[in-house]
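Asker: There's a structure below that I have some questions on.
Throughout, read-outs are computed from the coordinates displayed, never taken from laboratory work. Please read all numbers here as calculations on a predicted model, not as lab measurements. FYI the Cβ positions are ideal-geometry reconstructions off the backbone, even for glycines, and counts take in every protein chain you see.
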Amino acid sequence: MAIHWLSPDIDECTRRGIAYFTSELEMANGLPCKMYRITEKFGSLSDHMHDYLQIWYVSKGEFTHTFHGQKYRMVQGNIFVLPPYSIHRVEMTPGKELEVLGCEFMPAFINEQLDGRPAEPHTFDLSFIKTFVTTEDSVPLKITLTGKSDLAVKELLTEMLSEYEGRGPYFDMLLKANLLKLLAILTREHADQSKHSTTRGDSNQYREPILESVQYIHDHYDQPLWLEDLCARTMMSRTNFCRRFKEVTGRTFSHYLANYRIRMAMRLLTEPELSVTDVCFKVGFNELPYFCRCFKKYTGTTPAYYKKNAFKTID
């Protein structure tokens, strides 16, 4: 498949009042990729275009996106990937909060052979973007993420933003690796959504309260958390909540909570001033033996061994 995107007359477009953003000005330090987070304070954008691909994921709230004469209501869990030179606009919804995680990148960030829009590049890496650089009327402008994919996409973008802002050693390698994984997930989700677009209505209505429950776990994992409390927060029966929670996350409530606490514990165990007992209570466990059993179940090793050897080199 040939790379295809519109390359309009830039001068004519600007005379028509269409703003034009270029990677040369928008992407700093020679890195052909940019990450950011915006809120409702960002404001609406009139018709504009850019010479790079753009990904917007709605992690909270909603806005209206217009492209190719069609308006799309973008809500939590929705994402779009736009090819270069796509003329579109963004309208904020009055009175609605918003959080969008954004990623913008040049095709050359995927593979240098994709620079300059080659007609028939013979490279596997084209498969990462070819779904999104098709003809204008075929671009998938709104992908509704579901279940584990929604959580995975949010986690990937959050990690990418952290790497981009922190700019630690090899951050650009991690940024590219996560971008490739993100594009692969979106390509699969789009293909799956195209096949089953009429069968997900029942599950979708529960996605938002379950995702809010997941966020509540992330914010309060260090405190006592009970299944009954989350059922009450979502106004769902225990049976329905457990079923929907597993549909969205791929895990039961207890397994998800324990897994998240262990992940947080792994981070804290690398801090020299904290003992295993300190970490146990900091991540929400009440008994050290139970914490040690859970840690070994999920990681294959004890917390004491992990703390001692996490950064130890072999002589």
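Asker: Go through (1) 2.53; (2) 1.18; (3) 1.13 and flag the label whose value is the computed Cα Rg over 2.2 N^0.38 Å for this structure.
Answerer: Answer by label: (3).
Asker: If the reach is capped at under 20 angstrom between alpha carbons, list the lysines near Lys307, excluding any in the same chain fewer than eight residues apart.
Answerer: The qualifying lysines are Lys282, Lys296, Lys297.
Asker: Projected onto the charge dipole of the chain (+1 at Lys/Arg Cβ, -1 at Asp/Glu Cβ, origin at the Cα centre), which of Gln70, Leu186, Pro289 gives the Cα projection farthest towards the positive end?
Answerer: Pro289
Asker: Pop a pseudo-label 7 angstrom from the Cα along the beta-carbon direction at both Arg238 and Tyr170 and give the gap in nm to one decimal.
Answerer: 4.7
Asker: May I pose another question? For the charge dipole of the chain, defined by +1 on Lys and Arg C-beta atoms and -1 on Asp and Glu C-beta atoms about the Cα centroid, which residue among Pro209, Ile143, Met160 has the Cα displaced farthest towards the positive pole?
Answerer: Pro209
Asker: Next question. Report the extension gain between Ala184 and Cys292 in nm, rounded to one decimal, defined as 0.36 nm multiplied by the number of residues separating them, less their alpha carbon distance. Mind dumping the intermediate values first?
Answerer: On the way: separation 108, 0.36 × 108 = 38.88 nm, distance 3.58 nm.
35.3 nm is the gain from fully extending Ala184 to Cys292.
Asker: So how do 210-216, 288-294, 41-47 stack up, highest first, on mean other-Cβ count within 10 Å? List each step's numbers first, then the result.
Answerer: Working: 210-216: 18.9, 288-294: 15.0, 41-47: 12.0.
Descending packing order for the listed peptides: 210-216, 288-294, 41-47.
Asker: Can you list the aspartates and glutamates whose alpha carbon sits under 13 Å from that of Lys96, skipping same-chain ones fewer than 8 residues off?
Answerer: List returned: Glu40, Glu62.
Asker: Shifting gears a bit: Measure nothing fancy, just the Cα-based angle from helix 288-299's long axis to the longest principal axis of the chain, in degrees from 0 to 90, nearest 10.
Answerer: Long axis of 288-299 versus the principal axis of the chain: about 40 degrees.
Asker: How would Asp219, Asp278 line up from fewest to most surrounding beta-carbon atoms within 10 angstrom? Don't skip to the end; give the middle numbers.
Answerer: Values: Asp219 9, Asp278 13.
Starting with the residue having the fewest Cβ neighbours, the order is Asp219, Asp278.
Asker: Related question: Figure the gain on full extension for Ser46 and His255 (residue separation times 0.36 nm, minus the Cα-Cα span) and round it to one decimal in nm. All intermediate terms of the calculation are to be shown ahead of the outcome.
Answerer: Numbers: separation 209, 0.36 × 209 = 75.24 nm, distance 4.56 nm.
Contour length minus the Cα-Cα distance gives 70.7 nm.
Asker: Non-local amide H neighbours of Phe21 (under 5 Å, H modeled in plane, Pro and chain starts lacking H): which ones?
Answerer: Answer set, sorted by chain and number: Met49, His50, Asp51.
Asker: Starting from the Cα-Cα distance between Arg263 and Asp115, subtract it from 0.36 nm times their residue separation and give me the gain in nm to one decimal.
Answerer: Numbers: separation 148, 0.36 × 148 = 53.28 nm, distance 3.87 nm.
That works out to 49.4 nm of additional length.
Asker: Hey, another quick one. Under a straight-distance cross-link criterion of Cα-Cα below 17 Å, which lysines are reachable from Lys181, leaving out those fewer than 8 residues away in the same chain?
Answerer: Lys34, Lys130, Lys148, Lys154
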